[in-house]
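All remarks here apply to the structure that follows.
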Amino acid sequence: MNKKDRQQAIWFTVSGFFMLMTLAVLAAILYSIFKSGAAVISWEFLVDAPRRNMTAGGIMPALVGTFYVSSLTVLIAVPLGITSAIYLNEYARQGTIVRIIRLSIRNLSGVPSIVYGLFGLGLLAATFRLGTSLLTSALTLAIMSLPWVITASEEALKAVPASFREGGLALGATKWQTIRQLVLPNAVPGMATGSILALARAAGETAPIILTGAAFFLPNLPTALSDRFMALPYHLFILSTQHTQIERVRPLAYGTALVLVALVLLLNMAAIIWRYQMRKKQTW
Amino acid sequence: MQTNNNNNNNNNNNNVFEVENLNLWYGKTQALKDVSVKIEGRKVTAIIGPSGCGKSTFLKVLNRLISLIPSVKISGSVQFHGKDIFSDGINLVNLRALVGMVFQKPNPFPKSIFDNVAFGPRIHGKKTKSELADLVENSLKKAALWEEVKDRLHEPGVSLSGGQQQRLCIARALANEPEVILMDEPTSALDPSATLKIEDLVRSLREQYHIIVVTHNMQQAGRVSDNTLFFLNGELIEADTTEKIFTNPKDKRTEDYITGRFG
Amino acid sequence: MPELGDAKKIQLPLRGQRDAYIADKLTEGVKKSHLANFFIEKFFFLCGLTTIVILVLILGFLLDKSWPAIQEVGLQEFLFQTRWMPSSPIEAGFGALPFILGSIFVTVGALIIAVPWGIFSAVYIGEVAPFRLKEALKPLIEILAIFPSVVMGFIALVVLAPLIGEIFGLTSGLIGLTGAIILGIMTLPTIISIAEDAITSVPNDYREAAYALGASRWQTVRYVSLPAASSGIVAAIMLGFGRAVGETMAVLMAAGNALSMPVREILGLPFPTLMKSVRTLTANIAIEGSDVAWGSLHYHSLFVLGLILFIMTFAVNLIADIMLTRFQEVNRNE
C-alpha cells in the first residue's frame, strides 16, 4: 500500500468514525428516552391530570393543551401561508417586490423563536390586550411557522405540471378558475404534508409559549381562547428544571419526553408516508 | 405577404385570421419577423418549418396564449374575423373558447373522461346535467372516441392510451364549440397508428372547423392540409396551397426544406 | 342500446355571416371579468405581502419597545457593562455583556464541535458511503433535526451534564461546555445536509480531471471537492451559527444560567471559558420574560436583548444567504 492509499484509508476511516458518532448520538437519545420513558407510560399517564403537586398522575391537560395550541396554529398559519404561496408561484412576476418577499421569508425563518415570543408578548398580549392566552400563543406560533408553510406550499404548487395551467387557460378558463380547479386540487397533498410538518414543529416549540400563555399548572382545561393552557414541552421543562422535587419527578419527566418525541416522530412519519402514498397514486 | 391562394375579393372573403406585419420578441430575441398572412376558413392549414423557426410561437399568438409570457413584446395586428385580438377590451376567455387548442403532449387533467370534456362548458356556465351529457357525447363522437370510452366515462382520463388521450384533448376543445382549432404538433408524442387516427380525425373535422396544425412532419402536412405556411428563422417564407408548396415551391429555401436539405 | 346516430354536424357559416357574432363575443363582459380578476389578483398580492409586513413589524416593534430602555440607560451600558440587576430598587444594572459573550462563546463552542464533525460526516455520506447506505443515512440525519429543543435540553440535563460533571470533577455539569455540546449536536443536521449538498454539487469535470492526474479519491475530496464547496460550507456554518445563537431551551436547560462573565483570569488577563455556568441572551429572556412587570424598565430592557439577538441573527443569516446564492450561481455557470 503506498502513501497515497494509506492516507486515503486513514481519512476515510476518520470520516466513517464521525458518521458513526452521529448515529451513536441519535441512538443514545432515542434509547435513553424510550428506555426510561416506557416504564412510566400507561393509559392512566395519558388520561390523568397531574396530582399531588405534580409528583403523581399524568399529563392529560398538557397533551390537550398542546393539541389545542398546535391545531389553532395550523388553522391560522395554513390559509395565510397557502395564499402567500399562490401569490408567489402563480401571480407574481419576477421583480423587486418578489425579491423582497423571498428575502423576508428566508430571514423570518432565521429569527430566533424567543424573539417571536417577545413579539407575541409585547404586541399581541400587551399592546393588543389579548393577554397571555391560548390565542396569543397560537398567533405567535402561527407567525413563526408561516415561512415553513409558505415554502412547503410553494414546492407543492411548483410540482403541478405547467401543462395543466396551459390546458385550462387554452380552454378559456380564467386564471383563478385554472388555479382553483386544476392547480390547487393537485397541490393539496404536498400542502397537507407541509402543514403536518409545521404542526409537528409547533407542537414541540417551547420558548415562544413560555412568554405568551403556557401555564405551570392549571386545575382545569382551557375552555376559551383567552384562557391560559398547559403544554407538553413546557411541562417537560417544568418537571425537569423548575420542580421542587426534581429527582422524584424525573420518571414523569422521562414519560413526558417520550410522549412528546413519539408525537413529533409520528406526525413526521405520517407526513412522509402520506406523501409517499399520494405520489404513488399521482399519475403525472 | 399577400398570398394568391385566397379568393381575395370582398364579396367572398373567407379569411378567419388576417395577420399583418406581426413582429414578436422574447425579451431581446426576435421570434417572429414581419409576418403577414391570411388564413382561410373551412380549410386545414399546416404550418411547417424546422424547430425553432417560430411556428409554435405563431400558433400561440392566435389564441393569445403567448400573452402569458411576461417578457413577450408584440407589434403588428392579428385580426380574427376582422377584429384585432390584441386591441384593448378583448375578452380572452371568450377568445380562447372560440379558438381551441390541442398541445404537443396530450395533457388530460387528472379528472374523469367525462369531467375532462365537460371542463370547458362548465366554466362557461353550462350547468344542467342533460346539456352537459349531450355536449360530452357529441364532442367525444366528433373526436372519434365515443365508441371506445362510452362505458367508462367516469374513469380517469389518464387511464387512456396516448392516442386516446390526444383525442380526448381534442374532444375537450370541441366541447367549447369553437370556431378554430389550433394543433401544436399533435402527433409528435404518438405512435404511427395513433397518428393516422388523429389525421383521419383532422380531415373529418375540416368541414366544421377552421383547423391550423403545426407539424414537423412534412408527409403529415401533405396528407391533411389544404394550405401550407413555411416558416424559417421567424420569417414566413412562403404560403400557398399545399399542392403548390409541395410540387412547385417558389422559394429556393422552401424547396430545400421540402426536399430534406435542412436538418 | 338504441342507435344514437352520428355526431351532429354543423357546417360553419362563411365569414360575412359570422363577423358580427364573433366581434360581439370578443368584447362581451370584458369589464366585469377584468374587475373580478383585478380583485382576486390584488387579494393574493396582499397575502403575499404578509411576510414583509411581519418582518417590518417585528423589527419596528423591537425598536419601539426597547427605545425607552435605551434612552434611559444608554446602549453603551447594555453592550459593555457586566452587572445585570434590572429590577434592583437600590442600584439597577443593565450590563448585558455576560449574556452577549455567553451567547457567542457557547455558539462558537458548538460550532467548533459541530463543524469538523458535520463536514466529516458529510464527506462520508457524499464520497465514501455506497449508494444504498447513503439513502439510508440521510433520513436518519433528518430525525436528529426533528427533536424539539426542549427534549434536547432534557437529554443534556439528564445524560450529558452528569457525564461532564464526572469527567471534569465538578459538582454540577451544567456549564457552558454542556450547552455547547448539545447545541453542536442540534446544529449537526444543518451543517451535514448543506455541506453534503455542497460536496455533491461540485461538477464531475473537476473530479474527473483530478482522477486523470492520478489523485486518489481522498486527495480529490481534500484538494478539489472541499475547496470548490468551501463557500457553500461557510454558508452552512453561518446558518448553523444563526440557528445556534437563537436557540433557547437547550442552552437554558444545559448551561447553568449563572449571572457571571464567561471569562477566567489567567495571569491577570481575561480568557473566554466554557468551564463555568453560563447564561445566554435567549436564556435570560426566557427566564425573566414570563414574570416581568409589563411596561417596567426591566420589561423594556428585555426587548433590548431581543433586539441585539435579532440583529445578530439577521446579519449572520443575510451573509449566509448571499454566500449561498453566489455559490449556487457559480455552480450553475459551470
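The values are calculated or read from the model by the stated rules, or taken from the named source; none is laboratory data. All values reported here derive from a predicted model rather than from experimental measurement. Neighbour counts run over all protein chains shown; Cβ positions are idealised from the backbone, glycine included. Note: accessible area is taken over every heavy atom of the protein model, side chains too, but ligands, DNA and RNA are not part of it. Shrake-Rupley method; radii C 1.70, N 1.55, O 1.52, S 1.80 Å.
Okay, here's what the table says:
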quantity: Filter result for A:VAL98 (in contact with a Ser or Thr (Cβ under 8 Å, 6 or more places away or on another chain) and either open to solvent by 40 Å² or more (accessible area, probe 1.4 Å) or modelled with pLDDT of 90 or more (or both)); calculated: no
quantity: Failed item in (1) open to solvent by 20 Å² or more (accessible area, probe 1.4 Å); (2) at pLDDT 90 or above, with B:THR45 passing the rest; calculated: (1)
quantity: Residue in the range A:263-281 that is of a type in the set (Gly, Ala, Ser), more than 8 Å from chain C (Cβ to nearest Cβ) and farther than 26 Å from A:ALA56 by Cα present; calculated: yes
quantity: Residues of the range A:180-207 classified as surrounded by fewer than 24 Cβ atoms within 10 Å (Cβ to Cβ) and outside any helix (DSSP H, G or I), total; calculated: 0
quantity: Helices (runs of 4 or more DSSP H) enclosed by the range A:1-107 - at least 2 residues per element that are more than 30 Å from A:PRO251 (Cα to Cα) and aromatic (Phe, Trp, Tyr); calculated: A:3-38
quantity: Restricting the range A:232-252 to residues that are closer than 19 Å to C:GLY173 by Cα and either facing another protein chain (nearest Cβ under 8 Å) or basic (Lys, Arg) (or both), the residue that is nearest to the chain's Cα centre (by Cα); calculated: A:PHE237
quantity: Number of the condition not met by A:THR212 [criteria: (1) among the β-branched types (Val, Ile, Thr); (2) open to solvent by less than 30 Å² (accessible area, probe 1.4 Å); (3) within 24 Å of the chain's Cα centre (by Cα); (4) more than 11 Å from chain C (Cβ to nearest Cβ)]; calculated: (4)
quantity: Selection status of C:THR325, more than 8 Å from every other protein chain (Cβ to nearest Cβ), among the hydroxyl-bearing types (Ser, Thr, Tyr) and surrounded by fewer than 16 Cβ atoms within 10 Å (Cβ to Cβ); calculated: yes
quantity: Entirely in the range C:217-334, the helices (runs of 4 or more DSSP H) that have 2 or more residues that are more than 26 Å from the chain's Cα centre (by Cα); calculated: C:217-220, C:297-333
quantity: Residues of the range B:106-126 satisfying the condition of being under 10 Å from B:CYS169 (Cα atoms), out of contact with any Cys (no Cβ under 8 Å at 6 or more places or on another chain) and in a loop (DSSP other than H, G, I, E, B); calculated: B:PHE109
quantity: Failed item in (1) in contact (Cβ under 8 Å) with a residue 40 or more places away in the chain; (2) open to solvent by less than 20 Å² (accessible area, probe 1.4 Å); (3) of a type in the set (Lys, Arg), with B:ARG206 passing the rest; calculated: (2)
quantity: Any hit, the range C:83-95, residues being in contact with a Gly (Cβ under 6 Å, 6 or more places away or on another chain) and either more than 26 Å from C:GLU247 (Cβ to Cβ) or in contact (Cβ under 8 Å) with a residue 40 or more places away in the chain (or both); calculated: yes
quantity: From the options B:ILE181, B:ILE198, B:ILE170, residue that is of a type in the set (Val, Ile, Thr), away from chain A (no Cβ under 13 Å) and closer than 27 Å to B:ASN14 by Cβ; calculated: B:ILE198
quantity: Matching option when the condition is within 10 Å of another protein chain (Cβ to nearest Cβ), in a helix (DSSP H, G or I) and exposed (fewer than 14 other Cβ atoms within 10 Å of the Cβ), among C:LEU35, C:LEU62, C:LEU46, C:LEU26; calculated: C:LEU46
quantity: Top-ranked residue in the range C:139-167 [being farther than 21 Å from A:LEU236 by Cβ and touching a residue at least 24 places away in the same chain (Cβ under 8 Å); ranked as most open to solvent (accessible area, probe 1.4 Å)]; calculated: C:GLU142
quantity: Yes/no for A:LEU80 being touching a residue at least 12 places away in the same chain (Cβ under 8 Å), within 22 Å of C:HIS300 (Cβ to Cβ) and either buried (at least 19 other Cβ atoms within 10 Å of the Cβ) or not basic (Lys, Arg) (or both); calculated: no
quantity: Every residue from the range B:12-27 that is assigned to a loop (DSSP other than H, G, I, E, B) and within 14 Å of chain C (Cβ to nearest Cβ); calculated: B:ASN13, B:ASN14
quantity: Some residue of the range C:168-177 being touching a residue at least 24 places away in the same chain (Cβ under 8 Å), under 28 Å from C:THR248 (Cβ atoms), part of a helix (DSSP H, G or I) and out of contact with any Phe, Trp or Tyr (no Cβ under 9 Å at 6 or more places or on another chain); calculated: yes
quantity: Residue that is at pLDDT 90 or above, under 13 Å from B:GLY234 (Cβ atoms) and in a strand (DSSP E or B), where the choices are B:GLN79, B:GLN30; calculated: B:GLN30
quantity: Residue satisfying all of: in the range A:216-270; open to solvent by less than 10 Å² (accessible area, probe 1.4 Å) and outside any helix (DSSP H, G or I); farthest from A:VAL47 (Cα to Cα) among these; calculated: A:PHE229
quantity: Members of the range C:175-217 found to be open to solvent by 40 Å² or more (accessible area, probe 1.4 Å), of a type outside the set (Phe, Trp, Tyr), within 22 Å of A:GLN7 (Cα to Cα) and out of contact with any Asp or Glu (no Cβ under 7 Å at 6 or more places or on another chain), listed by number; calculated: C:THR200, C:GLU208, C:ALA209, C:ALA212, C:LEU213
quantity: Qualifying residue in the range C:97-119 (condition: modelled with pLDDT under 90, touching a strand residue (DSSP E or B) at 6+ places or on another chain (Cβ under 7 Å) and assigned to a helix (DSSP H, G or I)); calculated: no
quantity: Residue count for the range C:223-249, restricted to those that are within 14 Å of chain A (Cβ to nearest Cβ) and either surrounded by fewer than 18 Cβ atoms within 10 Å (Cβ to Cβ) or touching a Cys at 6+ places or on another chain (Cβ under 7 Å) (or both); calculated: 1
quantity: Hits in the range B:74-124 - residues which are of a type in the set (Gly, Ala, Ser), surrounded by fewer than 24 Cβ atoms within 10 Å (Cβ to Cβ) and in contact with a helix residue (DSSP H, G or I) (Cβ under 6 Å, 6 or more places away or on another chain); calculated: B:GLY82, B:GLY89, B:ALA118
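For (1) without any contact (Cβ under 8 Å) to a residue 40 or more places away in the chain; (2) over 16 Å from A:LEU258 (Cβ atoms); (3) open to solvent by less than 40 Å² (accessible area, probe 1.4 Å), each residue gets a yes or a no:
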| residue | (1), (2), (3) |
| --- | --- |
| A:TYR31 | yes, no, no |
| A:LEU46 | no, no, no |
| A:MET54 | no, yes, yes |
| A:GLU90 | no, yes, yes |
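Okay, residues lined up against (1) within 11 Å of chain C (Cβ to nearest Cβ); (2) free of Cβ contacts under 8 Å to residues at least 60 places away in the same chain; (3) over 29 Å from B:ASN217 (Cα atoms):
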| residue | (1), (2), (3) |
| --- | --- |
| B:VAL78 | no, no, no |
| B:ASP84 | yes, yes, yes |
| B:ASP88 | yes, yes, yes |
| B:VAL93 | yes, yes, yes |
| B:LYS129 | no, yes, yes |
| B:GLU137 | yes, yes, yes |
| B:ALA144 | yes, no, no |
| B:VAL158 | no, yes, no |
| B:GLN165 | no, yes, no |
